[in-house]
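The values are calculated or read from the model by the stated rules, or taken from the named source; none is laboratory data. These numbers were taken from a predicted model, which means no experiment stands behind them. A quick note on method: Cβ atoms are made from the backbone with ideal geometry, for glycine too, and the neighbour counts reach across all protein chains shown. All accessible areas refer to the heavy atoms of the entire protein, side chains included, with ligands and DNA or RNA removed. Shrake-Rupley method; radii C 1.70, N 1.55, O 1.52, S 1.80 Å.
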Amino acid sequence: MNRESKQSNDLFYVCSMIENIARITKNTRKDTVNALGLRNIEKLYNLADVYHCENVDKVADEFIEAANIPRGVFDNVAECEYKVPTHWEIGRVYSRLINAISAERENAQHSNTLFEVYNSWITESIDNYNSDMYYSSPDYIFQSYKHGCVI
């Protein structure tokens, strides 16, 4: 496996775990990322290949406890009128977007770009499972992000 594919796979795992933790704690993805903080995000990223071998809910519980993430009231899963995408599917959407942004920037670090994306306007669009944003093409999502609005 080449280095880039390992980085992409690790980022995919981190984004999927963020989604899983957010669903468990009923928090927005932005609130979840900010509650986890840079240290925990980087730990998840650096040890993704190890954590990937463990039960995802066990790993989520460990990070919820470590970051002391409170229970929220955001539940986009319950509000979904259609088939709910898995945390893996949403993790893929976010990781592709972060990879695309990082590829355009010289010396961009995934963790910084991750915080930028999850704290931007696009999370509300991606996390609305009653819209078509989360299953739109990766390039469309990337171009929308670059334009600062859904195009």
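Observations
- Condition check for LYS83: free of Cβ contacts under 8 Å to residues at least 24 places away in the same chain, of a type in the set (Lys, Arg), open to solvent by 80 Å² or more (accessible area, probe 1.4 Å) and in a loop (DSSP other than H, G, I, E, B): yes
- Comparison of ASP57, ASP75, ASP31 shows that the only residue that is without any contact (Cβ under 8 Å) to a residue 40 or more places away in the chain and acidic (Asp, Glu) is ASP57.
- The set of residues in the range 4-33 being polar (S, T, N, Q) and either closer than 15 Å to GLN109 by Cα or more than 12 Å from the chain's Cα centre (by Cα) (or both) consists of SER5, GLN7, SER8, ASN9, THR25, ASN27.
- Residue check, ASN76 of a type in the set (S, T, N, Q) and in contact with an Asp or Glu (Cβ under 6 Å, 6 or more places away or on another chain): yes
- Those residues of the range 100-127 which are open to solvent by less than 70 Å² (accessible area, probe 1.4 Å), outside any helix (DSSP H, G or I) and touching a residue at least 24 places away in the same chain (Cβ under 8 Å), in sequence order: ASN119, SER120, ASP127
- When the range 59-80 is filtered for residues that are open to solvent by 80 Å² or more (accessible area, probe 1.4 Å) and of a type in the set (Val, Ile, Thr), only VAL73 remains.
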